[in-house]
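The values are calculated or read from the model by the stated rules, or taken from the named source; none is laboratory data. A quick note: this is a predicted structure, and the numbers were derived from the prediction, not measured. We place every Cβ from the backbone using ideal geometry, glycine too, and count neighbours over all the protein chains shown.
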């Protein structure tokens, strides 16, 4: 009898366990308090901008090239620029007291734009200030502003300004922007030659690099020869010496035979270069 009762108890306990549902824990809901969740971030920017506007708690001074004096918070500038961090702290001072005054070789307007980025994380880039702003940001190592200037130039790129943007990007070692500009030049070469006055300002070396590139997008090799002829004719007395270098850029094996004999061979400067 005892064993039978035990079995019944065991069976009933199994059934009971199988029918029981494990209670699920309800996810804890964040309690809504008096302070918004983004209050800390939002107030951070507002407070710094408020202090900047009223020139309160400023612990540094920047003098611009046009004689203006602007109070700043050194910690914020140090956060966006290794240059200002090194100047304002005693890293370069050999343990001597930190500097609180710096003179920069930029105008007040450009400095204010850089300060806008330091205090808000944003700054206004336009066609009127992008060149000076990129130059200043590169000089004083404000990489965030450099990136914004490059983004602006990339969005504003067209067949009239792509050559200038390419040179500008090389000058300040903006590799991604330089590559994008060079790709644009190769893809839109016909429009660039027709619409851009900067085409005629290219050096012979720069022109040759473009024309010899395997990715150059042209309908025919005749267009390559015409580009050489147009560039030389822009200032023939000085540029005709470069013709022997440039005349090898067209791939004459792919050129129309009639065009080759009637145009290329009759081109006066080709005759002159071959004679010389």
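Checked against the criterion of being buried (at least 19 other Cβ atoms within 10 Å of the Cβ) and either assigned to a helix (DSSP H, G or I) or modelled with pLDDT under 95 (or both), the candidates 167, 178, 183 yield just one match: 178. Inside segment 87-112, can you point out the residues that are modelled with pLDDT of 80 or more and touching a helix residue (DSSP H, G or I) at 6+ places or on another chain (Cβ under 6 Å)? Hits for segment 87-112 are 88, 102, 106, 110. Evaluate the following for residue 235: is it exposed (fewer than 14 other Cβ atoms within 10 Å of the Cβ) and touching a helix residue (DSSP H, G or I) at 6+ places or on another chain (Cβ under 7 Å)? So residue 235 does not fit the description; no. If the condition is being surrounded by fewer than 22 Cβ atoms within 10 Å (Cβ to Cβ) and assigned to a helix (DSSP H, G or I), then segment 72-86 contributes 74, 75, 76, 78, 79, 82, 83, 85, 86. Restricting 198, 206, 222 to those that are out of contact with any helix residue (DSSP H, G or I) (no Cβ under 7 Å at 6 or more places or on another chain), in a helix (DSSP H, G or I) and free of Cβ contacts under 8 Å to residues at least 60 places away in the same chain reduces the list to 206.
Residues of segment 113-131 being under 27 Å from residue 161 (Cβ atoms), surrounded by fewer than 16 Cβ atoms within 10 Å (Cβ to Cβ) and touching a helix residue (DSSP H, G or I) at 6+ places or on another chain (Cβ under 9 Å), which ones? Across segment 113-131, the qualifying residues are 122, 124, 126, 127, 131.
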